[in-house]
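Heads up, the thing below is written out as structure tokens.
The values are calculated or read from the model by the stated rules, or taken from the named source; none is laboratory data. Keep in mind that this is a model prediction, so the values were computed, not measured. A quick note on method: Cβ atoms are made from the backbone with ideal geometry, for glycine too, and the neighbour counts reach across all protein chains shown.
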Amino acid sequence: MRKVFHFWGFVATLLLASPAIAQEKIFNHVSVGAEVGTTGWGFEIASPLTHYVTLRTGFTTLPRFSIKTDVNYKVRGNQENVDVKGRVHMSDYKVLADIYPFKHSSFHVTGGFYAGLSNLGTANNTEKLKVEPEEGLEIGGVFVRPDENDLVRLRLQTKSFKPYVGLGFGRPISSKHKVGCAFDLGVMFWGKPKIKVYSPDDEGWVRVQKEDVDDKDFHDAVDALEKFTVYPVLNFRIYYNIF
């Protein structure tokens with residue numbers, strides 16, 4: 001988070017330090033754009049603050065997709081198997097600032113944030129578990145009974161506020177052309193992912209703790225998941241300059 005504050009401090013210094021920049025007209029052009037990339041598809045509005053800084057805001061969404069698999073579990077010492085369906089989805093609003101260090105170049109560095117859904121994915125069984133009403137499963141140290149729909153539900157969560165830094169090429173605003181394009185590469189800092197399970201007894205979502213599970217495969221899976229504290233952002237955008 002401190003790096004983000006440093007970035008905005010740099011923006012303020014850039015805007016105030018140069019009289020030539022301060023004399024330019026701000027928000028004198030507006031472009032609308034569409035994008036596609038690792039955050040899915042989206043749209044945005046861009047306007048120049050100065051010739052060296054462009055502000056962008058918009059919305060991105062990764063279309064919901066499903067994954068089907070099966071998992072093993074034990075009941076009264078017997079090994080059972082159940083089909084599981086997982087769903088992944090991500091939607092965010094964004095506010096970004098592009099800084100162009102060179103007046104006649106489209107190269108830029110970008111900073112800002114994405115903000116949106118903290119629930120990145122969910123999973124649940126698609127068939128009835130072979131457990132009695134008073135029985136349940138132990139998942140990551142949490143004892144869970146199926147809910148009223150006979151579902152055991154898991155959730156993958158990240159932070160809803162995600163600082164962003166990146167670099168790219170292209171200008172959404174052009175005084176010479178109506179249509180422009182841009183390419184960006186960066187990272188979204190969404191924190192350490194968490195696995196939670198819904199517990200009807202607790203009437204809420206409870207975090208799964210790997211320390212409470214004596215299973216090497218489970219530990220390895222959670223360790224690998226927790227290393228993904230950033231999400232790569234790669235996108236291509238095309239703009240139309242409306243005025």
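Among the residues making up region 201-220, a single one is in a loop (DSSP other than H, G, I, E, B), surrounded by 15 or more Cβ atoms within 10 Å (Cβ to Cβ) and at pLDDT 75 or above: 208.
Once region 45-101 is narrowed to residues that are aromatic (Phe, Trp, Tyr) and more than 29 Å from residue 157 (Cα to Cα), the residue that is modelled with the highest pLDDT is 100.
Across region 156-171, what is the total count of residues that are surrounded by fewer than 18 Cβ atoms within 10 Å (Cβ to Cβ) and within 21 Å of residue 101 (Cα to Cα)? Residues flagged as surrounded by fewer than 18 Cβ atoms within 10 Å (Cβ to Cβ) and within 21 Å of residue 101 (Cα to Cα) within region 156-171 amount to 2. Residue 104: under 19 Å from residue 186 (Cα atoms) and modelled with pLDDT of 80 or more, yes or no? Here the answer is no, as residue 104 does not meet what is asked. Looking only at residues in region 172-197 that are among the aliphatic types (A, V, I, L, M) and over 14 Å from the mean Cα position of the chain (by Cα), which one is surrounded by the fewest Cβ atoms within 10 Å (Cβ to Cβ)? Filtering region 172-197 for residues that are among the aliphatic types (A, V, I, L, M) and over 14 Å from the mean Cα position of the chain (by Cα), the one surrounded by the fewest Cβ atoms within 10 Å (Cβ to Cβ) comes out as 179. Being in contact (Cβ under 8 Å) with a residue 12 or more places away in the chain, touching a strand residue (DSSP E or B) at 6+ places or on another chain (Cβ under 8 Å) and more than 30 Å from residue 239 (Cα to Cα) is a property that residue 151 has. Checked against the criterion of being of a type in the set (Phe, Trp, Tyr), part of a loop (DSSP other than H, G, I, E, B), surrounded by fewer than 16 Cβ atoms within 10 Å (Cβ to Cβ) and more than 15 Å from the chain's Cα centre (by Cα), the candidates 143, 102, 43 yield just one match: 102. Summed over region 26-62, the residues that are without any contact (Cβ under 8 Å) to a residue 24 or more places away in the chain and over 29 Å from residue 104 (Cα atoms) give a count of 1.
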